[in-house]
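*Asks:* I have a structure here, written as structure tokens, and I will follow up with some questions on it.
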Ligand SMILES: [Zn+2]
């Protein structure tokens, strides 16, 4: 009661500043009260905090007596402002830190395929035709002991590719998604009718030399469309680099070939030979689905990089 004079001084002020100050005082007085209960009275802290408590004592009781008059000086307002800033910062981090973390995660996710996203923004989602080689009665390269068939590992690789391309936002068309035989002209027809942006055929190799190993990517130069040839070469190089990076397999380079599926298609087209079934060591890798997943990831990264350039 003996500090009522100083409180009246505060209540006379009608400006919004004093309203804000009273709110700050309320917050700080609660803080002081808690501090006093836990740590005991501190003369320094009390001398600064009590007037704030008394400033609101007209409507809210702070629960402890103040032995001194309010020192109305700059130090007092600086402490009020400092307390308020601390409160604001604490609230900011509590409320917005989770949002910032989520946003950062989303940005990281977006970085995986920035160009695909940009193309999607224009309503131009690239269409990729994935051609899993062979199928049905056409086994492709194969060995009986131990059992390994090209048609099976091309299909598994193609299915992994579809998954990763879909994750990046590409539209995917498969020439086959089951163990079915599809004639080569039909594969070309599927790609040309869809007006696809890229055609990627997946195969695995075989050689009379059991030591032959590694990855190679073919494109065709048998076309009047110089842009298509250049784009096919660029795509082949991009895919080879990333498959080799993923698998650590030897690179056999980008090569020219006249295979029907990469010659007759109208869009940039490549044929990937992901490894040699005839090489015992590489065949061991190719029978591991995790290794095929690495090849698929490499091919997809190569496709995505092609669109980013
Ligand atoms: Zn093949």
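The values are calculated or read from the model by the stated rules, or taken from the named source; none is laboratory data. Quick caveat, the model's predicted, so the values are computed rather than measured. Using ideal geometry, Cβ is built from the backbone for each residue, glycine included, and neighbour counts are taken over all protein chains shown.
*Asks:* For the range 265-286, give me each residue that is more than 29 Å from the chain's Cα centre (by Cα) and farther than 22 Å from residue 307 by Cα.
*Replies:* Residues satisfying the conditions are 275, 276, 277, 278, 279, 280, 281, 282, 283, 284.
*Asks:* For the range 147-159, does any single residue satisfy the condition of being within 14 Å of the ligand (Cβ to nearest atom), out of contact with any strand residue (DSSP E or B) (no Cβ under 6 Å at 6 or more places or on another chain) and free of Cβ contacts under 8 Å to residues at least 60 places away in the same chain?
*Replies:* So far as the range 147-159 goes, yes, one or more of its residues are within 14 Å of the ligand (Cβ to nearest atom), out of contact with any strand residue (DSSP E or B) (no Cβ under 6 Å at 6 or more places or on another chain) and free of Cβ contacts under 8 Å to residues at least 60 places away in the same chain.
*Asks:* Considering every residue within the range 297-306, establish whether at least one is assigned by TED's automatic domain parsing to the domain that holds residue 210 and within 16 Å of the ligand (Cβ to nearest atom).
*Replies:* yes
*Asks:* Quick test for you: out of 228, 171, 242, 283, pick the one residue that is surrounded by 16 or more Cβ atoms within 10 Å (Cβ to Cβ) and in contact with a strand residue (DSSP E or B) (Cβ under 6 Å, 6 or more places away or on another chain). Full working, then the answer.
*Replies:* Numbers: 228 fails: in contact with a strand residue (DSSP E or B) (Cβ under 6 Å, 6 or more places away or on another chain); 171 fails: surrounded by 16 or more Cβ atoms within 10 Å (Cβ to Cβ); 242 fails: in contact with a strand residue (DSSP E or B) (Cβ under 6 Å, 6 or more places away or on another chain).
Sole residue among the options that is surrounded by 16 or more Cβ atoms within 10 Å (Cβ to Cβ) and in contact with a strand residue (DSSP E or B) (Cβ under 6 Å, 6 or more places away or on another chain): 283.
Residues are listed down the side, and each one gets a yes or a no for (1) touching a residue at least 24 places away in the same chain (Cβ under 8 Å); (2) within 21 Å of residue 160 (Cα to Cα); (3) touching a helix residue (DSSP H, G or I) at 6+ places or on another chain (Cβ under 8 Å); (4) not assigned by TED's automatic domain parsing to the domain that holds residue 206:
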| site | (1), (2), (3), (4) |
| --- | --- |
| 229 | no, no, no, no |
| 240 | yes, yes, yes, no |
| 257 | yes, no, no, no |
| 262 | yes, no, yes, no |
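*Asks:* Are any of the residues in the range 262-270 part of a helix (DSSP H, G or I), within 16 Å of the ligand (Cβ to nearest atom) and touching a strand residue (DSSP E or B) at 6+ places or on another chain (Cβ under 9 Å)? Before you say what the answer is, go through the steps one by one.
*Replies:* Let us first name the residues in the range 262-270 that are part of a helix (DSSP H, G or I), namely 262-264.
Narrowing further to those that are within 16 Å of the ligand (Cβ to nearest atom): 262-263.
Cutting the leftovers down to touching a strand residue (DSSP E or B) at 6+ places or on another chain (Cβ under 9 Å) gives us 262-263.
Within the range 262-270, one or more residues are part of a helix (DSSP H, G or I), within 16 Å of the ligand (Cβ to nearest atom) and touching a strand residue (DSSP E or B) at 6+ places or on another chain (Cβ under 9 Å).
*Asks:* Can you pull out the residues in the range 136-146 that are touching a helix residue (DSSP H, G or I) at 6+ places or on another chain (Cβ under 8 Å) and either within 16 Å of the ligand (Cβ to nearest atom) or assigned to a strand (DSSP E or B) (or both)? Talk me through it step by step, then tell me what you get.
*Replies:* Filtering the range 136-146 down to residues touching a helix residue (DSSP H, G or I) at 6+ places or on another chain (Cβ under 8 Å) leaves 136, 138-143, 146.
Listed by number, the residues that qualify are 136, 138, 139, 140, 141, 142, 143.
*Asks:* Shifting gears a bit: Based on this model, can you work out whether residue 254 counts as assigned to a helix (DSSP H, G or I) and over 22 Å from residue 147 (Cα atoms)?
*Replies:* So residue 254 does not fit the description; no.
*Asks:* Follow-up question, since we're still on this one. Tell me which residues, restricted to the range 183-212, are surrounded by 20 or more Cβ atoms within 10 Å (Cβ to Cβ) and within 16 Å of the ligand (Cβ to nearest atom).
*Replies:* Restricting attention to the range 183-212, the residues satisfying the condition of being surrounded by 20 or more Cβ atoms within 10 Å (Cβ to Cβ) are 187-188, 191, 196-205.
Once the filter is applied, which keeps residues that are surrounded by 20 or more Cβ atoms within 10 Å (Cβ to Cβ) and within 16 Å of the ligand (Cβ to nearest atom), the range 183-212 yields 187, 188, 199, 200, 201, 202, 203, 204, 205.
*Asks:* Does residue 133 qualify as being modelled with pLDDT of 95 or more, within 13 Å of the ligand (Cβ to nearest atom), in contact with a helix residue (DSSP H, G or I) (Cβ under 9 Å, 6 or more places away or on another chain) and closer than 24 Å to residue 208 by Cβ? Full working, then the answer.
*Replies:* Details: modelled with pLDDT of 95 or more: yes; within 13 Å of the ligand (Cβ to nearest atom): yes; in contact with a helix residue (DSSP H, G or I) (Cβ under 9 Å, 6 or more places away or on another chain): yes; closer than 24 Å to residue 208 by Cβ: yes.
Judged against the criteria, residue 133 is a match.
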